Structures are given as C-alpha cells and as structure tokens.
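S.K.: Pasting a structure here, questions to come.
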Amino acid sequence: MRRPVFAGYRPPPDRSQRQARHVLARAAIEVAGRMQVSSIHVLFPEQDDLAVLRESGYMVRESVQFHWNNAGYADFDAFLASLTYDKRKKIRQEARKVAQADITFEYKRGHQITAEDLSFFFSCYCNTYYERGRQPYLSEAFFSQLLQHAPDSLLLVIAQRQGSPVACAMNMIGNNKMYGRYWGAHEYIPGLHFQTCYMQGIRYCITHGIALFEGGAQGEHKLSRGLLPQTTYSAHWIARPEFADAIHRFLDEETVHVQAYLDDLHEHSPFRKQNDAPIPRAPSQPE
C-alpha cells in the first residue's frame, strides 16, 4: 500500500503561519481521499496546530500523561524536600530496599553505550513483553540504528549488582526534555521498577539541568513520585461519516470523564503546600 509522505513543505512568503497550517490540514484530507485511506491521526499537536485541526474538521481527543517539571532543584534531596512527608518516606523506603539488594545504577548516553549494553537492554525490553504473553514490537536492529543515527538522544539507566546488569530503562532526550520509553528486568526486586524508571530519571534531569521528564501514560503510581498529570491531545479525521459520527459521540463522553479524572488527580498533589516547612533529615541516609 502506498503511503503519503509530507516533507520539506514551506509556506509561500505571503501566507501566514496559521494559513499554512490550514493548507496542510486540508491537503492531508485531500490526499487521504485520493488514496482512499480510512483515517488520519495527528499525535501530540502543538496548541496552535490543534486549533487549526479542529477548525479543519478533525476530531480532538484528550488523554492524560504524567510529567515531572524541574523547578530548578539544587539536587535530588531538594526535590524530595518539596514533597509531602508521606511521599518522601515512601520513596526513601523504596530506595533503601533497592540498595539493600546490592543494586547500584549507571547512566550511559550516546557513544558511551556499547553493543553489549544495547544487547542487554534489548533482552530486558523483550522480557517485559514476554511476561505479558506478547511479542515485542521492535527489533534489536531498530535500536542499533537508533543508536547509530541519533546517539545523543539515547540514555540507558542500568541497574547492576556487583558489576552485573539486572535491569535497564531506555530514555530519549531532546529539546531540553527527557522521555521515558522502555524498561525491563531479569530479576524481580521490590521497588526496582520505580527507582530505575522514575527516580533515576529525575536524578539525571536535575544533575544535567533538563527541564521536563515525561514519564508516559497510565499509572497513578507516578503521581506519588512527583510526576503531575498533564492533558495531552491528538486529532483524528475519519473517512466514513457513520464511523466519524460514532467516534465523535464517544469522544464527547470520554472528554467529560477525562476532565473528571484530571480534577481528582489534582486534588492529590504529592507536593507540600507553599507554606509548609520541610521536615529536617540526617544527610547521610541512602537514596
């Protein structure tokens, strides 16, 4: 099946950016009609694009992800101090259990990542799918190509015991943001998933001045670890009117539930109120 490719488009000098967006949104529908494709899907559009897509007949869907924002924390302890007592305590307990299992962490980015590192990560990635009775979507060759062509965008967080790796998380970095992508382990250790995927990612962002860590969709467990709910959007055009009408009705109902879900999440912020004083702690406890 042929697939349309839009590349290198630049609006004529006499068109505004908004006009150019309208041209692209409508041109996509025209191309879809000529090629007899069933639908168009635009993921994570910017707000300016979203407004134009809606005006051009695309349906908008709201979803929820959990993001961590760097408030200029001096270090990881400063981040913990911004959380409520219960949330700090839980994170420290998890970190202590992982440390008691003799686990340490290593970060590898770009050309620091060896073929052996990537092979271990891929085995962890596959394990995550196999544990759920599913087949992995991506091949080891895909990740090798990614490392070859965009090395600085890749960060591996490797959990190891006495130099031997036991788990790994892959993150993508770009535009002062880090995106949590894949994770897997060869051994179950309580708290290891949260430490490897979230706490170590936050540590890295603080150390390297990265502004935003996108922990991905699903999981209120992320909220208790300092990742706050954010509304994300997608836009969809459906060729067959009867399908479009049914989906439109569904999205209207779903949006109401998404907004209620967000309101509930915002009522359970893990952060201290501005006038709450942090509780002092001894500086030598392991994280």
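Bear in mind that the values in this text are calculations on the coordinates, not laboratory data. This is a predicted model, so every value here is computed, not measured. Don't worry about glycine lacking a Cβ; one is built from the backbone with ideal geometry, like all the others, and counts go over all protein chains shown.
S.K.: Once you order the gyration tensor axes a ≥ b ≥ c over the Cα atoms, which shape class does segment 155-213 get: rounded for a/c under 1.5, otherwise prolate or oblate by comparing a/b with b/c?
M.R.: Judged from the Cα gyration tensor, segment 155-213 comes out prolate (a/c at least 1.5, a/b above b/c).
S.K.: Could I ask something else about it? Please compute the length gained on full extension between residue 31 and residue 269, using 0.36 nm multiplied by the number of residues separating them and subtracting their Cα-Cα distance.
M.R.: 81.2 nm
S.K.: Using a Förster distance of 41 angstrom, determine the FRET efficiency expected from the C-beta separation of residue 141 and residue 43, and round it to 0.05.
M.R.: Step by step, r from the Cβ atoms, then E = 0.95.
S.K.: Could you order the peptides 170-178, 247-255, 225-233 from most to least packed, using the average number of other C-beta atoms within 10 Å per residue?
M.R.: 225-233, 170-178, 247-255
S.K.: In nm, to one decimal, how far is the residue 186 label point from the residue 19 one, both placed 7 Å along Cα→Cβ?
M.R.: Each label point is offset 7 Å from its Cα along the Cβ direction, giving 6.1 nm.
S.K.: So, how do all the Cα-to-Cα distances of the chain break down into 10 Å bins, in percent, from 0 on up?
M.R.: 5, 22, 28, 25, 15, 5, 0
S.K.: Out of 98, 157, 23, any idea which swings most in a Gaussian network model of the chain, alpha carbons joined below 10 Å?
M.R.: Judging by the Gaussian network model, the answer is 23.
S.K.: Give the long-range amide H neighbours of residue 271: residues separated by 5 or more places, or on another chain, with amide H under 5 Å away, using H modelled in the peptide plane at 1.01 Å from N.
M.R.: 84
S.K.: Once every DSSP H run of n ≥ 4 in the chain is given -39500 (n - 2.57) and the sum is divided by its residues, what mean residue ellipticity at 222 nm do you get, rounded to the nearest 500 deg cm²/dmol?
M.R.: Result for the chain, helices only: -12500 deg cm²/dmol.
S.K.: Please report, in Å, the Rg and the Dmax of segment 66-229, where both are computed over Cα atoms only.
M.R.: When restricted to Cα atoms, segment 66-229 yields Rg and Dmax of 15.4, 45 Å.
S.K.: Follow-up. Using only alpha carbon positions, build the gyration tensor of segment 1-152, then give the equivalent ellipsoid semi-axes as the square roots of 5 times its eigenvalues, largest first, whole angstrom.
M.R.: 41, 25, 18
S.K.: Starting from the amide H of residue 228, placed 1.01 Å from N in the peptide plane, find each other amide H under 5 Å away whose residue is 5 or more places distant or on another chain.
M.R.: 67, 68, 69
S.K.: A follow-up question, please. Students often forget the sequence filter, so: which lysines lie under 18 Å Cα-Cα from residue 273 once same-chain residues fewer than 8 apart are removed?
M.R.: Once the sequence-local lysines are set aside, what remains near residue 273 is 87, 89.
S.K.: Subtracting the Cα-Cα distance from 0.36 nm times the residue separation, let me have the gained length for residue 256 to residue 69 in nm, one decimal.
M.R.: Taking 0.36 nm per residue and subtracting the Cα distance, the gain is 64.7 nm.
S.K.: How far, in nm, would the chain grow between residue 164 and residue 149 when pulled straight, counting 0.36 nm per residue and subtracting the alpha carbon separation?
M.R.: 2.6 nm
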